[in-house]
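The values are calculated or read from the model by the stated rules, or taken from the named source; none is laboratory data. What you see is a predicted model, and the numbers here were worked out from it, not measured in a lab. Cβ placement follows ideal geometry from the backbone for every residue including glycine, while neighbour counts extend to all protein chains displayed.
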Amino acid sequence: APEAPSAPTATTCPYCGVGCGVLAQPDRMGGATVAGDPDHPSNFGRLCSKGSALGETLSLDGRLLHPEVDGRRVAWDAALDAVAKGFRQTLETYGPKAIAIYLSGQLLTEDYYAANKLFKGFLGSANVDTNSRLCMSSSVAGHKRAFGSDTVPGTYRDLETADLLVLVGSNAAWCHPVLYQRMLAARASRGTRIMVVDPRRTATAEEADLYLAVRGGSDVALFSGLLVALADSGRIDGAFVAANTHGFEEALARARQIAPNAEATARACGLPAAEVEAFFEAYRTTERVVTLYSQGVNQSTAGVDKVNAILNVHLATGRIGREGMGPFSLTGQPNAMGGREVGGLANQLAAHMGFDVESVEKVRRFWGAPRMARAEGLKAVEMFQAIARGEIRALWVMGTNPAASLPRADAVARALGRLDHFVVSENMASTDTLTAGAKIRLPAAAWGEKDGTVTNSERRISRQRAFLASPGQVRPDWWAIAQVAKRLGHGEAFGWRTVSEVFREHAALSAFENEGTRDFDIGALSGLDTQDYDRLQPIQWPARRGTARAERRFFAQGGFFTPDGRARLVAVERPSAPASEPDLPYRLNTGRIRDQWHTMTRTGKSPRLSSHIAEPFLEIGARDADAERLVDGGFARVSTAHGDAVLRVRVVAGGGDKTLFAPIHWTGETSSNGRVGALVHALFDPISGQPDAKATPARVTPVAFARQ
Ligand code: SF4
């Protein structure tokens, strides 16, 4: 890493999927001041509270700075030898299905690429999954069913040129704050209406022009009713549907079964009919509509159908890929998109390719891969269940904390203890996952210490640049993977000397044997030399050779990535009502708060951020709180079939819907510390594998502490 330079370094915020550009000015004492980058097209200088506080989070307190094996500090060579030996022995004894790597939407694209190449191409295992599975995999699957590809059709600019913005299951005011600021600015300047669909009255809902407090899980019914309403009022774009889609009649017929009219929709969604009518009327009378959706849609056992119910509406009205209109998946993590591009999911291969024979062969040829995985691997929840059963015996976890963040986190922690070979690459010296029995601990370079790229929610690739010297013996993750590959006999294929060489290879793969056939490639970037890479300005994909580097929308004139170029409208299923459980009458919803990120390893270092909300809590509506004899500021025990936690009670307006909310950020050795991942059930969408973190059956009881 470079010595502290005198000029600010242009880099990218490491938190959410908005992907804001920041300028970091090292202070020559190991820290830096951080400001928004006025030239970055995702934020134009704006930052939210988390981004603004980045400079307060750079201390080395709690960092893992040296490799460790069996609790002893060792040299990198010894640690890497031990990593390679464990995977070699497991492969020889049990075969490739017994090894896995679990990655993170916090990793840089180059790290993701290296991990994917090693496991899928050279060790023969597609057990390569990521915490992005918990974030956006239902959107990926929904996109692929509808468009034939995982493509976000629009750009952030559409949020500023739309006349109606509808946020579904998205608390953008807290979770995508800078993008939300851009939406509010559009409302102030051109009167854009903002509508929110969410069972929880969030900060975003508070400011909406229309807030629909839908019953949890009823999004499919709402958007099915909307499709019927648009059809019955002549608002279908018949020419677009006829020329560019399949499945409209079947999708509409299914929608009529689910929600035949506004009254039926209102009943299914638990809404006043007048509100549903107002919502439908807004879509009927507004051409420029963007429907944004996030974890309230994705994190569900019916997440993919929810996504497709939304996509159906935009396809049926031809409101896609044109300025100011389209469906828009808001990605949670900073590089979930980059991970998708290089295939960092168990059901993808690389460069957006799947496991069809042709794609497998193409990637094998490009990599010169000796042991190519030819079928999908296990997705996150199933991967850890296979560990619990002893089927996966060697695991490498990189940049994430599954023993806190996965559903049934206590069961995950116990499963990790069964592994024969357990490697963790981490910034921090103490996490739930390290504590669960990691024998080899590799110190990873953190934000500000490493170089690479990330891709945000609008397909924009930005550089993350180092501006701090590397402390201790930390190294970038791609380097550690390449060193292990070398020890396993694959040094030539992993002989990268710089991160720019990794990126060039990734870009070249995206264009390999693709001339004229694919629109994802960034082949234009495969010719960058190291200096060009260092100077790379934010750019959206595709960035094909010979094409202008302009913002690009997809699908206005069709051109979907299906074999016949047509999109598919999907006849969605109505989610079945959850079985009633008298002992567990509530539904526990989990999510983020405004000023913390994931398990707080970085944001927890800023006193300013902790002053917003300082402790874990349980949110409950006033009517339900009264019924349970809970008081604001008191304590309650929330229990599920998987664990329980004692949390401070926050009473909010409303209630009667038997829903609870608890934030995901606090961790600890017991769920009593607010570690709510331990309470969440491990149900997931059967298509995407994305867990349902929004509706775990629960009960709640008051807790009285004796006076001291
Ligand atoms: Fe960082 Fe997201 Fe805030 Fe932008 S909106 S500063 S990317 S956390």
Q) Restricting region 30-48 to residues that are polar (S, T, N, Q) and part of a loop (DSSP other than H, G, I, E, B), which is nearest to the ligand (Cβ to nearest atom)? A) 43
Q) Counting only residues that are closer than 20 Å to residue 13 by Cα and assigned to a loop (DSSP other than H, G, I, E, B), which one in region 167-212 is nearest to the ligand (Cβ to nearest atom)? A) 176
Q. Does residue 51 count as modelled with pLDDT of 95 or more, part of a helix (DSSP H, G or I) and within 16 Å of the ligand (Cβ to nearest atom)?
A. yes
**Q.** Qualifying positions in region 54-77 - part of a loop (DSSP other than H, G, I, E, B) and either in contact (Cβ under 8 Å) with a residue 24 or more places away in the chain or near the ligand (Cβ under 10 Å from one of its atoms) (or both)
**A.** 58, 59, 60, 61, 62, 64, 65, 66, 67, 70
Q: Taking only region 449-474 into account, find how many residues are crowded, with 20+ Cβ neighbours inside 10 Å and more than 23 Å from residue 21 (Cβ to Cβ).
A: 1
Q. So how many residues does region 73-101 have that are in contact with a helix residue (DSSP H, G or I) (Cβ under 7 Å, 6 or more places away or on another chain) and surrounded by fewer than 19 Cβ atoms within 10 Å (Cβ to Cβ)?
A. 2
Q: Examine region 358-369 for a residue that is assigned to a helix (DSSP H, G or I), closer than 16 Å to residue 129 by Cα and touching a residue at least 24 places away in the same chain (Cβ under 8 Å), and state whether such a residue exists.
A: no
(Q) With the requirement that a residue be near the ligand (Cβ under 10 Å from one of its atoms) and of a type in the set (A, V, I, L, M, F, W, C), what does region 13-29 give you? (A) 13, 16, 18, 20, 22
Q. Do we find a residue being within 16 Å of residue 200 (Cα to Cα), hydrophobic (A, V, I, L, M, F, W, C), in contact (Cβ under 8 Å) with a residue 40 or more places away in the chain and surrounded by 15 or more Cβ atoms within 10 Å (Cβ to Cβ) anywhere in region 630-644?
A. no
Q: Output the qualifying pairs, or none if there are none: Cβ atoms under 7 angstrom, residues six or more apart or on different chains, first residue in region 178-202 and in contact (Cβ under 8 Å) with a residue 60 or more places away in the chain, second residue part of a helix (DSSP H, G or I) and of a type in the set (Phe, Trp, Tyr).
A: 195/279
Q. Is one or more of the residues making up region 166-182 among the basic types (Lys, Arg) and closer than 27 Å to residue 304 by Cα?
A. no
Q. What is the number of the single condition among (1) within 16 Å of the ligand (Cβ to nearest atom); (2) of a type in the set (Ser, Thr, Tyr); (3) modelled with pLDDT under 95 that residue 435 does not meet?
A. (1)
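Which is surrounded by fewer than 24 Cβ atoms within 10 Å (Cβ to Cβ) and closer than 13 Å to residue 168 by Cα, of 267, 215?
Numbers: 267 fails: closer than 13 Å to residue 168 by Cα.
Every option except 215 fails the conditions.
Quick one: which helices (runs of 4 or more DSSP H) sit completely within region 423-515 and have at least 2 residues that are more than 24 Å from the chain's Cα centre (by Cα) and either outside the structural domain of residue 666 (by TED's automatic domain parsing) or farther than 29 Å from residue 152 by Cα (or both)?
The qualifying helices (runs of 4 or more DSSP H) are 477-487, 499-511.
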Q: Report yes if some residue within region 98-110 is within 13 Å of the ligand (Cβ to nearest atom) and either farther than 29 Å from residue 463 by Cα or of a type outside the set (Gly, Ala, Ser) (or both); otherwise report no.
A: yes
Q. Restricting attention to region 615-623, does a residue exist that is farther than 30 Å from residue 264 by Cβ, within 16 Å of the ligand (Cβ to nearest atom) and under 25 Å from the mean Cα position of the chain (by Cα)?
A. no
Q) Quick one: which helices (runs of 4 or more DSSP H) sit completely within region 244-305 and have at least 3 residues that are within 22 Å of residue 654 (Cβ to Cβ)? A) 262-269, 273-285, 295-298
Q) Looking at this structure, is residue 382 of a type in the set (Asp, Glu), in contact (Cβ under 8 Å) with a residue 12 or more places away in the chain and either surrounded by 23 or more Cβ atoms within 10 Å (Cβ to Cβ) or not in a loop (DSSP other than H, G, I, E, B) (or both)? A) yes
